[in-house]
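A.B. asks: Below you will find the structure I want to go over with you.
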Amino acid sequence: MSISDTNRPSCCETADPAHRHDDDRYGCPCCAPMLASLGLISLPSLANAGKPAAWKRLGPPPSRPVGTTIVTNATIITADADFSIAEAFAHRDGKIVAIGSLADVKAQAGEDAATVDCAGKTILPGFIEPHMHFFPIAMMDRLANAGALACADADAVIALIGKLARAAAPGEWIVARQFDPSLQPGADRINRHALDAVAPDNPVFIFNASLHIGYCNSKALDIAGVTAATPNPAGAAYLRDADGHPNGVLQGQATMFGVLAHNMTALAIDDVPDACRRVCAKANSVGITTMCDQASGGFQGRREIDAFHAFAASGHMTARLRYSLIQHGAAHWDEMKIRFGDGDEMARATGWKIVSDGSNQGRTGLQRDAYLGRADRGIAYVEAETLKEMVTTRALAGWQVVVHANGDQAIDNALDAFEAAYAAGATRALRFRIEHCSVLHDEQIARIAAMELSPSFLIGHVHYWGKAFRDEIFGPEKSKLLGRAASCSGAGIRWTLHSDEPVSDMNPLRLIDNAVNRSLWKEPGGVLNADERVSVEQAIVAVTRDAAWQCHSDHEVGTLEPGKFADFVVLDRDPRAVPPADIGKIRVLETWLAGRQVYAA
């Protein structure tokens, strides 16, 4: 893929041959971050993924169910507006044709209908994951895990890198994922010096769990051409030693991919169709039948979009996909003439994603006040006035604008931007979203309600990182403002819950558990602001009906009602009937998409 004139950096026009690009080499350290974010650094793995022939290796698609089937002898939670409980439902040709009492369903289904007895299990609409990252999941599942579940502390991470280096050939890249300084003690030791000591002959790169911070050694910095003289790109920073040399900690995706861009093959996927199928299988195993990829095109540009639709056309996609295009690729999406709603019931463009700040647990989320014990307030990936222009432009073009905003100042900026878009004539029917929406003050909740915006909460901030936020990052008072689902419900705001995988694992039952209990992983028995707990019913709605609404798919999924797809999940227990502490122990037994079983435990 070549660089279009509209996206060619000015440095590419220089006479210095070492500072120029051709179609296949993107070696300029000042340009590589932008090129990577546009998906212009090619991975061979996705080169043919948009072509139907690439998907034939999956074999013929499974046959569609025929006839009418009645599903009964279950607690059937419809999640409709009345939260109705049904005795039975019938589906035909992939859609629900009747639901209610068994007698009524039998009368409408006809004498030839088959019957499935669920033996007293619980059925809900298929779960909807409104914020995940499809290709990063496919890419990163194959990387070494340096996260809190695999490595207790920074010393264990350093030891893991040393082990990988001893097994690698000299010069071979070592890439790991999931390191989380807020959960793994000794984070300040993860820098180029410690990594150089255990991997002197190999470039090393470690992804922070948030995907907003990276860590590398001197070999990687040298390959990328990053020196003491290298300036920080806009909205990002190379952290530095006292003498001004980069210390290997990369804040912001521009610096991260400025380094990693020199070996994007480290993230290559050997078999794209199989990787896509595995992402769907992972979703199905936790009851997900629809998911929304947030920041599509962020790794591979238009090839990701082509792959989504080719996968859907293959007949092997077992979870519906909605996606939001990443702002960084705006010129390419405009060139492709992608419009809101393009696609079909399996793969469809529904949003336009803008990342306005970083990660709170990584201390790059943009705050009103400094982080606890520090002088800095985080990073604005997009300045406030620019954000207004971006949001207004895409809103007026008919897009649902989706703004990532973690810190309270970033949320202020997002609210100002949506206000500007409305003033310019944007319609509320587009259901604008604030992603993560992590730290909410009362006046911000009032503004969200007044503008009819919809937040989606990364509720794992409360469960996994709540103790760190309280004790190390924000302090006791500000940490209470995390994930304020109950307050949003009280203000009449529709909200959802998400995993942001690969930041935390997709698992809607875990999301329900986190929102209902607000328990602290690192402090058994601890709770972060019990006043923000929600009911089980509210949490279920957040991963079914309201998630479908937020993803502009409520006309076809999200509830069990006649005319909608027969997407449903079978659980071994009713989340409303178990002790709250046991919600996370409920098992997904079966997952069904359009009346076809796609997962069985």
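The values are calculated or read from the model by the stated rules, or taken from the named source; none is laboratory data. This one's a predicted model, so the numbers in the text were calculated from it and none came from an experiment. All Cβ positions, glycine included, derive from the backbone under ideal geometry; neighbour counts span all protein chains shown. With ligands, DNA and RNA removed, areas are computed over all heavy atoms of the protein, side chains included. Shrake-Rupley method; radii C 1.70, N 1.55, O 1.52, S 1.80 Å.
A.B. asks: For the list (1) in contact with a helix residue (DSSP H, G or I) (Cβ under 7 Å, 6 or more places away or on another chain); (2) closer than 30 Å to residue 284 by Cβ; (3) open to solvent by 30 Å² or more (accessible area, probe 1.4 Å), I need the number of the one condition that residue 129 fails.
C.D. replies: Of the numbered conditions (1) in contact with a helix residue (DSSP H, G or I) (Cβ under 7 Å, 6 or more places away or on another chain); (2) closer than 30 Å to residue 284 by Cβ; (3) open to solvent by 30 Å² or more (accessible area, probe 1.4 Å), the odd one out for residue 129 is (3).
A.B. asks: Here's something else I'd like to know. Looking at the stretch 503-527, which of its residues are in a loop (DSSP other than H, G, I, E, B), in contact with a strand residue (DSSP E or B) (Cβ under 9 Å, 6 or more places away or on another chain) and farther than 18 Å from residue 127 by Cα?
C.D. replies: 503, 518
A.B. asks: Any chance the stretch 221-228 includes a residue that's β-branched (Val, Ile, Thr) and assigned to a loop (DSSP other than H, G, I, E, B)?
C.D. replies: Yes, some residue in the stretch 221-228 is β-branched (Val, Ile, Thr) and assigned to a loop (DSSP other than H, G, I, E, B).
A.B. asks: So, in the stretch 411-451, exactly how many residues are more than 16 Å from residue 382 (Cα to Cα), among the acidic types (Asp, Glu) and either in contact with a His (Cβ under 7 Å, 6 or more places away or on another chain) or assigned to a loop (DSSP other than H, G, I, E, B) (or both)?
C.D. replies: Count: 0.
A.B. asks: Being of a type in the set (A, V, I, L, M), open to solvent by less than 40 Å² (accessible area, probe 1.4 Å) and closer than 27 Å to residue 386 by Cα is the requirement here; does residue 509 meet it?
C.D. replies: Considered against the rule, which asks whether it is of a type in the set (A, V, I, L, M), open to solvent by less than 40 Å² (accessible area, probe 1.4 Å) and closer than 27 Å to residue 386 by Cα, residue 509 comes out as no.
A.B. asks: With the structure loaded, tell me whether residue 478 is in contact with a strand residue (DSSP E or B) (Cβ under 6 Å, 6 or more places away or on another chain), surrounded by fewer than 22 Cβ atoms within 10 Å (Cβ to Cβ) and either among the aliphatic types (A, V, I, L, M) or not in a loop (DSSP other than H, G, I, E, B) (or both) or whether it fails that test.
C.D. replies: For residue 478, the condition - in contact with a strand residue (DSSP E or B) (Cβ under 6 Å, 6 or more places away or on another chain), surrounded by fewer than 22 Cβ atoms within 10 Å (Cβ to Cβ) and either among the aliphatic types (A, V, I, L, M) or not in a loop (DSSP other than H, G, I, E, B) (or both) - is not met.
A.B. asks: Looking at 176, 159, which one is more than 28 Å from the chain's Cα centre (by Cα) and either surrounded by fewer than 19 Cβ atoms within 10 Å (Cβ to Cβ) or more than 17 Å from residue 258 (Cβ to Cβ) (or both)?
C.D. replies: 159
Per-residue answers, yes or no, for (1) modelled with pLDDT of 95 or more; (2) at positive phi; (3) open to solvent by 10 Å² or more (accessible area, probe 1.4 Å):
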position: 398; (1), (2), (3): yes, yes, yes
position: 403; (1), (2), (3): yes, no, no
position: 412; (1), (2), (3): yes, no, yes
position: 423; (1), (2), (3): yes, no, yes
position: 435; (1), (2), (3): yes, no, no
position: 450; (1), (2), (3): yes, no, yes
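A.B. asks: Where in the stretch 538-601 are the strands (runs of 3 or more DSSP E), entirely inside, with at least 1 residues that are open to solvent by 30 Å² or more (accessible area, probe 1.4 Å) and either more than 25 Å from residue 490 (Cβ to Cβ) or in contact with an Asp or Glu (Cβ under 6 Å, 6 or more places away or on another chain) (or both)?
C.D. replies: Because the criterion is at least 1 residues that are open to solvent by 30 Å² or more (accessible area, probe 1.4 Å) and either more than 25 Å from residue 490 (Cβ to Cβ) or in contact with an Asp or Glu (Cβ under 6 Å, 6 or more places away or on another chain) (or both), the strands (runs of 3 or more DSSP E) in the stretch 538-601 that meet it are 588-593, 596-600.
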